[in-house]
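K.L.:
This structure is in structure tokens; I'll ask about it shortly.
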Amino acid sequence: MRDLQHSLNQTQRVRLDAALNELQTIAPSGASAAAVTVADTIPVNDEDNILKGHGTSDQDGEVVATLCGVVERVNKLVYVRTLRARYKPEVGDIIVGRVIEIAPKRWRLEINFSQDAVLMLSSMNLPDGIQRRRTAVDELNMRSIFEENDVICAEVRGFQHDGSLHLQARSQKYGKLERGQLLTVHAYLVKRRKQHFHHLEQYDVDLILGCNGFIWVGEHVVVGENTNMMEDKPSLSAEVENFTPLETRKHICRLANAVRVLSALGFTLTVELIIETAEASISSNVEINDMLGAEFYVQTAEREAKRRADLLKKKSGGR
């Protein structure tokens, strides 16, 4: 955001500030009331015998926040949930990572966490698709499945004794990601939802919103196609013919730039908002490379402020 402020002229800076201020006024009053900063007093009832959780401290008989965030209450437990923090994994999270090391019977992945994640050879489907015990031959052929710098989609299975993550990729929807772009955003911009895999049919593009802040935008791959590609790997002519069409590559770049714009503005990333931003650039005749210009950032902020204001009017009108 700071880099964006430097590239704005005076008029654009005023327009952006006005849009952001409007977004702040539209925010629910309950959310702002629950927001605390460091040393703020959290109102509690002493008779409830509350339990002080993460981000709270007892000072002179009062519960004081030690973090900036939102106060959450679960029964008697009171804690502060930070709005901007590093990725905190949970079992079942869909993540996107990059292979950084091949170790015996496992791959190590960088997943935007304080420690690396581990994908065991026994926790994924083999290229032949047959469920069987892993042998020494499978271990020798690990590099033919995933090698260093490969981008992989997997699911958090659990935590190991040293605090690192244990991943699994047994489903066909998990595995190696190719012919696309890997984007890195703040993990708090991606909320946990029921669906993190999205096929954008109008663009023939796959969008994967990783809970760890890694987002994949790539050419659509039919489930089961990855295994066929691995089996046919010795055929170099097939790989040469399997190229991404120019129109699809343009769609990938446009959607990737939409993600970059929204993340720079600090908006929560949803598939609907990403598509809306990409469609707005097309309707405004904005070239793909011009989407990262200052004017389109300002237009996106103004458009989001107008959308939320209209949504608020509809809700108040319905009442």
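The values are calculated or read from the model by the stated rules, or taken from the named source; none is laboratory data. If you're wondering where the values come from, they're calculated on a predicted model, not measured in any experiment. All Cβ positions, even for glycine, are placed from backbone atoms using ideal geometry, and neighbour counts span all protein chains on display. Please note that ligands, DNA and RNA were not included when accessible areas were found on the heavy atoms of the full protein model with its side chains. Shrake-Rupley method; radii C 1.70, N 1.55, O 1.52, S 1.80 Å.
K.L.:
Filter segment 263-307 for residues that are under 15 Å from the mean Cα position of the chain (by Cα) and of a type in the set (D, E, K, R) and give the result.
P.N.:
Passing the criteria: only Glu272.
K.L.:
Restricting attention to segment 65-76, which residues are open to solvent by 60 Å² or more (accessible area, probe 1.4 Å) and either farther than 11 Å from Val44 by Cβ or without any contact (Cβ under 8 Å) to a residue 12 or more places away in the chain (or both)?
P.N.:
Thr66, Cys68, Arg73, Val74, Asn75
K.L.:
A further question on this structure: Give me the pairs: first residue in segment 38-56 and farther than 24 Å from Arg84 by Cβ, second residue at pLDDT 80 or above and open to solvent by 100 Å² or more (accessible area, probe 1.4 Å), beta-carbon distance under 7 Å, and six or more apart or on different chains, which are they?
P.N.:
As it stands, the answer is Asp48/Lys76; Asn49/Lys76; Ile50/Lys76; Leu51/Lys76, since those pairs meet every condition given.
K.L.:
Find the residue count for segment 45-56, including only residues that are open to solvent by 50 Å² or more (accessible area, probe 1.4 Å) and over 30 Å from Ala264 (Cα atoms). Break it down stepwise before answering.
P.N.:
Quick first cut of segment 45-56, residues open to solvent by 50 Å² or more (accessible area, probe 1.4 Å) only: 45-49, 51-52, 54.
Narrowing further to those that are over 30 Å from Ala264 (Cα atoms): 45-49, 51-52.
Matching residues across segment 45-56 total 7.
K.L.:
Of the conditions (1) closer than 30 Å to Gln299 by Cβ; (2) surrounded by 11 or more Cβ atoms within 10 Å (Cβ to Cβ); (3) modelled with pLDDT under 80, Ser29 clears all except one; give me its number.
P.N.:
(2)
Matching residues to (1) closer than 30 Å to Gln172 by Cα; (2) open to solvent by 90 Å² or more (accessible area, probe 1.4 Å):
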{"site": "Val63", "(1), (2)": "no, no"}
{"site": "Glu90", "(1), (2)": "yes, yes"}
{"site": "Val99", "(1), (2)": "yes, no"}
{"site": "Met142", "(1), (2)": "yes, no"}
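K.L.:
State whether the residues of segment 101-108 include one that is at pLDDT 85 or above, of a type in the set (Asp, Glu) and loosely packed, with under 14 Cβ neighbours inside 10 Å.
P.N.:
Yes, there is a match, as at least one residue in segment 101-108 is at pLDDT 85 or above, of a type in the set (Asp, Glu) and loosely packed, with under 14 Cβ neighbours inside 10 Å.
K.L.:
Criterion first (surrounded by fewer than 20 Cβ atoms within 10 Å (Cβ to Cβ), modelled with pLDDT of 90 or more and closer than 20 Å to Val99 by Cβ) does His166 satisfy it?
P.N.:
yes
K.L.:
Residues that are among the charged types (D, E, K, R) and free of Cβ contacts under 8 Å to residues at least 40 places away in the same chain: list the strands (runs of 3 or more DSSP E) wholly contained in segment 107-225 that include at least 1 such residues.
P.N.:
Passing ranges, in order: 205-209.
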